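Notes to accompany the following structure.
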Amino acid sequence: MLDKDGFGLFGDAIMNYDGNIIRPPSEADSIILQVTVGCSHNHCTFCGAYKDKQFRIRSDEEIAENISFATRYCTRQRKVFLADGDALILSQKRLTSLFHQIRTELPQVRRISLYGNAKAIRSKSLEQLQELKDLGLDRIYMGLESGDDEVLTRVRKGETAASMISAAQKVAQAGIFLSVTVLLGLGGRELSLQHARQSGRVLSKMAPRQIAALTLMPLAGTRLGNQVENGTFLLPDALSMLKELKEMVNFINCDKVQFMANHASNYLPISGRLGRDKDAILTTIDQAMGGKIALTPEFYRAL
């Protein structure tokens, strides 16, 4: 739990966080150690998560203070998530030192996870990633957002489909679990199906262990939010979002990948394993498009 100033609350004790903490839903029961503040890229037009933060790497003293807190108050938690946006940007020396510290001071921890942008992943050699895996790195969360280069350019992602495929393949070679996020609606009405098809194709080449599909909810104050407000970006409606979802799933050819479109932003909560459940997922989407399954009302959707 966080208070209004960004402190983790455990009775009268606090863990010091700099600003709001963003973490994947699956890390809800993890110890959150903030090792970087914000995002080193921070130019994506759709993202408002770190707009109020100037990127920095937290000092060894700050990190050590929170690890010390965790040793006292988080003794039952067996997972650690390293925040903020791209903890993997730390030097290998600092990362290995941090992982050793976690193993020594939090011996109950069995899994370390983090967000890793494609640039940070590519900056590590295969041997360095394998070293981190040996020290406990179990999972990397990576934002693809779109597999279409035109969409990626428009939203200022700073990556191409090819560069993100390269990063994903390196993670797979290192034997680390990769979870990839895509964002339905990011191409707007103009590039809707192009965005969906290319995302499916790129995800197939990335071959992650987990795919999470979220639905775009433009945020006020972001560049994309302003584009929606002034009419230069037209957001697909609910039915079009379902068409995107169906098209993307159609173009994904992966085996033994967990597929989740059950985030609170989505109109149709759905999950399964590809390719085992692909036909069932497509049938469910068709039923929703035909009005046989109710969609999540707008007032229940959230980021």
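At-a-glance table
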| item | result |
| --- | --- |
| Residue-averaged [θ]222 nm for the chain, counting only DSSP H segments that reach four residues, each worth -39500 (n - 2.57) | -11000 deg cm²/dmol |
| Environment charge at ASN250 (Cβ cut-off 11 Å; Lys +1, Arg +1, Asp -1, Glu -1) | +2 |
| Disulfide-incompatible cysteines by the Cβ rule (no partner under 4.7 Å) in the chain | CYS39, CYS74, CYS254 |
| Most positive-pole-ward Cα, VAL37, CYS47, PRO24, against dipole of the chain from beta carbon charges | PRO24 |
| Rounded to 10°, Cα long-axis angle of helix 278-289 versus longest principal axis of the chain | 60 |
| Cut-off 14 Å between beta-carbons: net charge of the residues surrounding VAL182, Lys and Arg +1, Asp and Glu -1 | 0 |
| Protection-proxy order for peptides 88-94, 140-146, each taking the mean of Cβ atoms within 10 Å per residue, highest first | 140-146, 88-94 |
| Cα shape, region 1-143, gyration tensor, a/c 1.5 rule | oblate |
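The numbers here are math on the coordinates, done by the rules we state, and not lab data. Fair warning: this is a prediction, and the values are worked out from it, not measured in the lab. Every residue, glycine as well, gets a Cβ built from its backbone with ideal geometry; the counts of neighbours run over all protein chains shown.
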